[in-house]
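Working notes for the structure below.
The values are calculated or read from the model by the stated rules, or taken from the named source; none is laboratory data. Being a predicted model, the structure only gives us computed values, none of them experimental. Using ideal geometry, Cβ is built from the backbone for each residue, glycine included, and neighbour counts are taken over all protein chains shown.
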Amino acid sequence: MTVSTRPPGTARLRLDRLWSRGCAFLGSPTAIMGGAMTWVSERTLVSAISNAGGFGVLACGSMSPDRLAAEIAGTRALTDRPFGVNLINLHPDLDRLVEVCVEHRVGHVVIAGGLPAAGTVKRIKDGGAKVMAFAPALVIARRLVRMGVDALIIEGSEAGGHIGPVATSVLAQEILPEVREVPVFVAGGIGRGEAIVSALEVGAAGVQIGTRFVCATESIAHPNFKKAFIRASARDAQASVQLDPRLPVIPVRALVNEGTKRFMETQRALIARLGAGEITRDAAQLEIEHFWAGALRRAVIDGDVETGSLMAGQSVGMVTREQPTAEIIAELADQAEAALLRRFASLPLRARSLETGAAQG
Ligand SMILES: Cc1cc2nc3c(=O)[nH]c(=O)nc-3n(C[C@H](O)[C@H](O)[C@H](O)COP(=O)(O)O)c2cc1C
């Protein structure tokens, strides 16, 4: 038996095998999803990610149905590759937004911000699209699979934006070995290709990355927002703190600034109003979400990096410059390949030939 004399080719084949389920599900040559980021993931960045071989996802955020329809059409004008749409479960016009996705034949709809209703999943699937949802625990992953969700995303607390309490590494161990029925994508803290390989090797179909795409050349984020990312290190991206159990708030990971203090003041004021019976808990929680949406817009669009919200994941320390999207994706794939190649090179000769056969077969 001859040992392959072309290990780099073998590494690529191995990578293609490792993420083949994710690529087939997304319809893209790499299984790297560009996680939807409200205000950031609009047509330019989303089409750039899909054109570069990733899978872009439009962030609907608080858009109206007409605005979403225009954004989908605008994205389609810039790419003929597949892309998805991220809808926030709490959006008051969710049903209409689902209709817009169906009417515009969007292939993949990602439901964020809580468990989707069974009716929402059914309507999306009946309309011909695939449904993806976030699973913050194994029991929820199982429930989503039973509901007919086509793929799951598990997002650890290292991620930017709204986060759950559990780290990516723990969620991956808890969920990946148990859920084989549908592809599972891993998100949170992925900044390099080596981390992509680690996720794939424990059973992920692919990955979702947000923070690393914020400073893409094609990202419309304000230059001040990008500068803050380039300067920051992992420890600057901190999770917000809940002040009172009477007002449960979903933690948000962001770079610490004056906006962080304003969030605490907003919480304090709402807790006082809640205590005085002037506002219900649901209404107070909605105000918190409006606070974040407004603060994120001020930072991303207006460049107010003092009082706006600089939502960022811990991988922000690996964002060192503005780079074209295609370069970011190529760099991640090259790092993944290099990691596989290093491992291949460290194997004894006989194991290398077996590995070569497996990668090609
Ligand atoms: C600025 C920002 C805005 C985000 N907005 C959304 C959103 O609207 N919907 C959503 O599902 N996730 C949102 N996310 C999470 C990303 O889609 C993605 O899952 C996350 O960034 C992955 O972790 P990473 O930041 O460590 O790469 C946001 C993240 C960031 C940094």
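When we screen F213, F185, F225, F229 for residues that are in contact with a Cys (Cβ under 7 Å, 6 or more places away or on another chain) and either crowded, with 24+ Cβ neighbours inside 10 Å or touching a residue at least 40 places away in the same chain (Cβ under 8 Å) (or both), the only hit is F229. Confirm whether A199 is in contact (Cβ under 8 Å) with a residue 24 or more places away in the chain and either in the same structural domain as A118 (by TED's automatic domain parsing) or surrounded by fewer than 24 Cβ atoms within 10 Å (Cβ to Cβ) (or both). The answer is yes for A199. Taken together, the criteria exclude E337 from residues that are of a type outside the set (A, V, I, L, M) and either in a loop (DSSP other than H, G, I, E, B) or modelled with pLDDT under 95 (or both). Pairs linking a residue in segment 153-164 that is hydrophobic (A, V, I, L, M, F, W, C) to a residue that is more than 8 Å from the ligand (Cβ to nearest atom) and part of a loop (DSSP other than H, G, I, E, B), with Cβ atoms under 6 Å and 6 or more positions apart or on different chains, are I154/A135; I163/S157; I163/P251.
Of all the numbered requirements in (1) free of Cβ contacts under 8 Å to residues at least 40 places away in the same chain; (2) buried (at least 20 other Cβ atoms within 10 Å of the Cβ), Q314 misses one, and that requirement is (1). Against the conditions (1) closer than 30 Å to I250 by Cα; (2) hydrophobic (A, V, I, L, M, F, W, C); (3) surrounded by fewer than 21 Cβ atoms within 10 Å (Cβ to Cβ), L78 satisfies every one except (1). Of the helices (runs of 4 or more DSSP H) lying entirely inside segment 207-317, those containing at least 3 residues that are within 11 Å of the ligand (Cβ to nearest atom) span 281-300. Taken over segment 94-148, the criterion of being touching a Pro at 6+ places or on another chain (Cβ under 8 Å) and either in contact (Cβ under 8 Å) with a residue 60 or more places away in the chain or of a type in the set (G, A, S) (or both) is satisfied by G107, H108, A133. Checking each residue of segment 254-273 against the condition of being under 24 Å from the mean Cα position of the chain (by Cα), modelled with pLDDT of 95 or more, of a type in the set (D, E, K, R) and more than 26 Å from A167 (Cβ to Cβ) gives no match.
Given the criteria closer than 24 Å to E289 by Cα and modelled with pLDDT under 95, does G161 qualify? Against the criterion (closer than 24 Å to E289 by Cα and modelled with pLDDT under 95), G161 does not qualify.
Under the condition of being touching a Leu at 6+ places or on another chain (Cβ under 8 Å) and among the hydrophobic types (A, V, I, L, M, F, W, C), the residues counted in segment 250-285 number 8. Can you tell which of V57, V85 is touching a Phe, Trp or Tyr at 6+ places or on another chain (Cβ under 9 Å), under 25 Å from G313 (Cβ atoms) and crowded, with 20+ Cβ neighbours inside 10 Å? Checking each option against the conditions leaves just V57.
Scanning segment 72-89 for residues that are within 16 Å of the ligand (Cβ to nearest atom), under 18 Å from the mean Cα position of the chain (by Cα) and not aromatic (F, W, Y) gives G84, V85, N86, L87, I88, N89. Suppose we keep only residues that are farther than 18 Å from E42 by Cβ and β-branched (V, I, T) within segment 317-328. Which one would you say is surrounded by the most Cβ atoms within 10 Å (Cβ to Cβ)? In this case the residue turns out to be V319. Residues of segment 30-45 that are near the ligand (Cβ under 8 Å from one of its atoms) and among the polar types (S, T, N, Q): T38, S41.
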